[in-house]
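What follows is one structure encoded as C-alpha cells, with my remarks underneath.
The values are calculated or read from the model by the stated rules, or taken from the named source; none is laboratory data. If you're wondering where the values come from, they're calculated on a predicted model, not measured in any experiment. Note that we place each Cβ from the backbone using ideal geometry, even for glycine, and neighbour counts take in every protein chain shown. Surface accessibility is based on the protein's heavy atoms, side chains included, excluding ligands, DNA and RNA. Shrake-Rupley method; radii C 1.70, N 1.55, O 1.52, S 1.80 Å.
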Amino acid sequence: LHPARALCEFKVPEGLVLRITEPFVVEGFNASVVGLGCGASIDAAGESRIFVVRGGGHVHLGNLLLSGGSTSRPASHNPEQQTGTNATDFDHGNGGAVVALGSSTLELDRVLMQDSHAMNGSGGGIWAAGGSFVRAVNSNFTFCTCASQGGALNAEERTSLILIDCVFSSCSATTGGGFALDEGVGTLHGLSVSNCSAKTAGAVHVYESLISIEGCSVSDCRAVQEGGGIDFAFSNFSAVGSRVANCLAATSWGGGCIGTEAFGLFAGCTISSCRSTVGAAIFLYSSTYWEVVDCRVTQCSTFASGILWVGFGTLLKMTNSVVDQCNAIADGGAFSISGNCDLTNVSLEHNAAIGGNAGAMLLTGVDSRLVMRRGRILNCSARASAGALGVFAGAAELYGVRIELCRAASKGAISVDSNGSVAFGADADVRGLILECTAASIGGGVMVYDGKFDMWSSDVVGCTTSNDLSLGAGFAVMIGKTTLRNVRIERCNAGECGGAALVSGPGHLDMFNCTVSSCSVGRVTAPDALFGGYGGGIGVFSGGSIAMFRSTVFNCSAKLAGGGISIQASGRAMLSECAVVDCTALRGAALYVASQRPRNSETRFYAALLHISAPCDSLPLLWSERLPLTLPGLTLSVSGDGGKRRGGHGDLSGSGGEEGGGGDRGGG
C-alpha cells in the first residue's frame with residue numbers, strides 16, 4: 001500500500017472474504033481498513049502474515065475477521081537488509097497475523113483474530129516491538145499459538161498496550177498462553193482470558209513492565225510448570241475488581257498468580273478454585289511486595305503446601321480480605337510463610353492441611369515474620385498439628401485476633417516449635433480469643449514444644465483434648481517458656497492431666513494476674529493410665545516449672561487428685577498471693593503435691609500468701625505425698641463467708657518422708 005496521500009481508507013463490502021498470500025505492508029503512512037455491515041474477512045490461509053506496520057505507520061482495523069496468519073521460518077533480524085513488500089521476515093518469525101514495529105500504531109475495533117500462528121517466534125496473533133503502540137477494543141483472539149512468548153499477542157521493547165473489553169481464548173505458547181507484555185506499559189480493562197495454556201504463565205506473562213488491570217477475568221488456564229494464571233516478573237502492577245479462577249500450575253508453583261521481584265496491588269479481586277504444587281492462589285518470592293485489599297481467595301488447593309506462599313525476602317500485606325475453603329495436601333492450609341506477612345482484618349475460614357501441619361498458617365523460615373491484627377481464624381484444621389497456626393521457625397504477632405473451632409491431632413490451635421516465638425494479645429480494647437479449639441492428644445489451645453509464647457489480655461475458652469489419656473487442654477508447655485498476663489482460661493477439659501495448662505520439663509510457665517475457672521480432667525477409662533485425672537486446673541510434672549503471681553484457680557476439678565493444682569514427678573512450682581477456690585478432687589481438692597522419692601526428690605513447691613476457699617463438706621484440700629512443703633501465710637475460708645479464717649476448716653493430709661512424719665513440714 002503506497003498511497004499518494006497521508007490517509008488511505010478501505011471500506012470492505014459486507015460478507016467479502018479476501019484471501020491473500022502476501023501481507024499488506026503499511027510503512028510511514030496512515031491506513032484504515034473497515035468491514036461494512038456485519039463485517040468482512042481477510043484470510044491468509046496459513047500462507048503469510050496479514051499486516052505489517054512499520055516506519056511510523058498507523059493502521060486502524062475495524063469490524064473484520066482476520067484468520068490464517070502464519071510465519072514458519074526465521075530470517076535476518078536486520079530490517080536494513082530487507083527490500084520490497086515481501087521483506088517481512090526480519091523479525092525471526094514473530095507475529096503470525098500482524099506485526100507492528102518502530103514507533104508504529106495498530107488499532108483494532110471489533111476484530112476477531114483466529115487460527116494464526118508464529119511457528120518459530122512470539123506473538124501468534126500480533127507481535128509489537130520497538131516503541132510501537134497497540135490498542136484493541138471489543139476484539140477477540142482465539143486459537144492463536146506461538147513457539148515462544150504470547151500465544152495471541154506479544155508486546156515488547158517499550159511497546160504501549162491498551163486492551164479494552166477484549167477476549168483471549170484457547171490460545172497457547174511456551175510463555176504467556178494468552179498474551180505477554182515484555183518491557184512495556186499496559187492498560188487492561190474488561191479483559192477476559194480463558195482456556196489458554198503454556199509451559200509457564202498459562203494466561204498472561206508480564207516482564208519488566210508497568211501494567212494496570214481493571215475489571216478483568218482470567219479463568220480455566222493452565223501451565224505445565226509454574227504460573228497457571230498470571231506471572232508478574234520484575235514488574236509494577238495494579239489489579240482492581242478482577243478475578244482469577246480455576247487455573248492450574250500442573251507440576252510447579254503459582255496456580256493463580258506468581259510474583260518475582262514484583263510490586264503490586266490487588267483491590268476488590270477474587271482468586272478461586274486454583275491449583276498447583278505450591279502456592280495455589282499466590283506464589284511470591286525474591287524481593288516481592290504485594291498489597292491485597294478487599295479481596296477473597298477461595299476453594300484453592302495445593303498438592304504440597306501453602307495456598308498463599310510468601311517466600312524469603314518478600315512482603316505480603318493483606319487488609320479486609322477473606323481466605324476460605326482452601327486446602328493443602330501437606331502443610332499450610334491457607335498460608336506458608338518464609339518471608340513477611342502483615343494481615344489486618346483478615347478472616348481465614350474453613351481451611352485445612354489435609355495431610356500435614358498448620359490448617360491456616362505455617363511459618364517455616366528463621367527470618368519469617370507474621371503480624372495479624374483484628375482478624376479471625378475460624379474452623380481450620382490439620383491432620384497432624386496446629387489447626388490454626390504453626391510457628392516452626394520465625395516469629396508471629398497476633399493482636400485482637402479470634403481463633404475459633406480449630407482442631408488437629410495434636411496442638412489444636414497454635415503450635416510453637418523449633419525455637420519459634422508467638423506474641424498473642426489485645427489490640428487496644430479488643431481482647432485476643434482462643435475459643436473451643438481441640439486436639440486429640442495434647443495442647444488443645446496452645447502447644448509450646450520448643451520456643452517462646454507470650455499472651456496478654458486474652459481469653460482461652462472451651463478448649464479440649466479429646467482422648468482419654470490427653471494432656472493440656474488450654475496450654476501444653478513442653479520445652480521453652482510461656483508467659484501469661486491478665487489471661488482468662490475457662491471451661492477447658494483434658495482427659496488425663498492439666499485441664500487449663502500442663503507444664504512438662506524443661507518447659508516453664510509464668511502467670512501474672514490470671515484466672516483459671518471451670519476447667520477439669522478425668523475422662524480416663526484405661527486402668528493403667530499414667531496419671532489418671534490429675535490437675536483439673538494446672539498440672540506440672542517431669543521437670544516442668546511454673547510461677548504464679550496474684551492469680552486465681554476457681555471451680556476446677558480432677559477425677560483423682562489436684563482439683564486446682566497438681567505438682568508431681570520432679571515438677572516445680574512457686575505461688576505468690578494466689579487463690580484456689582471451690583476446686584474438687586478425691587485427693588487434694590485444692591492442691592496435690594507428690595514425689596516419687598522422699599526428701600531427695602527434685603519436686604519442689606513453695607507458696608506464699610496462698611488462700612484456699614471451699615465448701616465445708618470438701619474432701620481434703622491439700623494433699624502432699626513424701627514431700628516437705630513451705631506455705632507461709634496460708635489462709636483458709638469457707639466459700640461465700642467473705643472472710644479469711646486461718647485454719648477455718650478442712651483437712652490437710654500428708655506424709656513428710658520415709659519416717660512418716662507429718663507436722664508443719666510434712667502435711668503443711
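For every residue, the table says whether it meets (1) at pLDDT below 95; (2) out of contact with any Lys or Arg (no Cβ under 8 Å at 6 or more places or on another chain); (3) crowded, with 24+ Cβ neighbours inside 10 Å.
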site: LEU469; (1), (2), (3): yes, yes, no
site: ILE479; (1), (2), (3): yes, yes, no
site: ASN486; (1), (2), (3): no, yes, no
site: GLU490; (1), (2), (3): no, yes, no
site: GLY505; (1), (2), (3): yes, yes, no
site: THR515; (1), (2), (3): no, no, no
site: ASP528; (1), (2), (3): yes, yes, no
Could you figure out which of (1) modelled with pLDDT under 95; (2) buried (at least 24 other Cβ atoms within 10 Å of the Cβ); (3) touching an Asp or Glu at 6+ places or on another chain (Cβ under 8 Å) isn't true of GLY571?
(3)
Pull out all pairs, ordered by first then second residue, where Cβ-Cβ is under 7 Å, the residues are six or more apart or on different chains, the first lies in segment 217-236 and is over 11 Å from CYS257 (Cα atoms) and of a type in the set (Val, Ile, Thr), and the second is outside any strand (DSSP E or B) and open to solvent by 10 Å² or more (accessible area, probe 1.4 Å).
VAL224/ALA250; VAL224/THR251
Out of segment 588-613, which residues are at pLDDT 90 or above and either charged (D, E, K, R) or not in a loop (DSSP other than H, G, I, E, B) (or both)?
LEU591, TYR592, VAL593, TYR606, ALA607, ALA608, HIS611, ILE612, SER613
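Consider segment 325-351. How many of its residues are open to solvent by 10 Å² or more (accessible area, probe 1.4 Å) and under 14 Å from VAL297 (Cα atoms)? Walk me through how you get there before you give the answer.
From segment 325-351, those open to solvent by 10 Å² or more (accessible area, probe 1.4 Å) are 325, 327, 329-331, 338, 340, 342, 344-345, 347, 349-350; that's our starting set.
Checking which are under 14 Å from VAL297 (Cα atoms) leaves us with 325, 327, 347, 349-350.
Summing the residues that are open to solvent by 10 Å² or more (accessible area, probe 1.4 Å) and under 14 Å from VAL297 (Cα atoms) in segment 325-351 gives 5.
Listed here are the residues, each with its yes/no results for (1) in contact (Cβ under 8 Å) with a residue 12 or more places away in the chain; (2) out of contact with any Phe, Trp or Tyr (no Cβ under 8 Å at 6 or more places or on another chain); (3) open to solvent by 30 Å² or more (accessible area, probe 1.4 Å); (4) within 26 Å of LYS317 (Cα to Cα).
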residue	(1), (2), (3), (4)
MET372	yes, no, no, yes
ASN379	yes, yes, yes, yes
VAL391	yes, yes, no, yes
ARG402	yes, yes, yes, yes
ASP427	yes, no, yes, yes
GLU436	yes, yes, yes, no
ALA439	yes, yes, no, no
SER458	yes, no, no, yes
What's the number of the condition GLY387 fails, among (1) assigned to a loop (DSSP other than H, G, I, E, B); (2) modelled with pLDDT of 95 or more; (3) of a type outside the set (S, T, N, Q); (4) open to solvent by 10 Å² or more (accessible area, probe 1.4 Å)?
(4)
Apart from one, (1) surrounded by 14 or more Cβ atoms within 10 Å (Cβ to Cβ); (2) in contact with a Leu (Cβ under 7 Å, 6 or more places away or on another chain) all hold for LYS11; the odd one out is (1)
Give the residue that is nearest to the chain's Cα centre (by Cα), with candidates limited to residues of segment 550-565 that are closer than 15 Å to TRP623 by Cβ and surrounded by fewer than 24 Cβ atoms within 10 Å (Cβ to Cβ).
SER557
Could you check segment 246-260 and list, in sequence order, the residues that are open to solvent by less than 10 Å² (accessible area, probe 1.4 Å) and small (Gly, Ala, Ser)?
ALA249, GLY254, GLY255, GLY256, GLY259
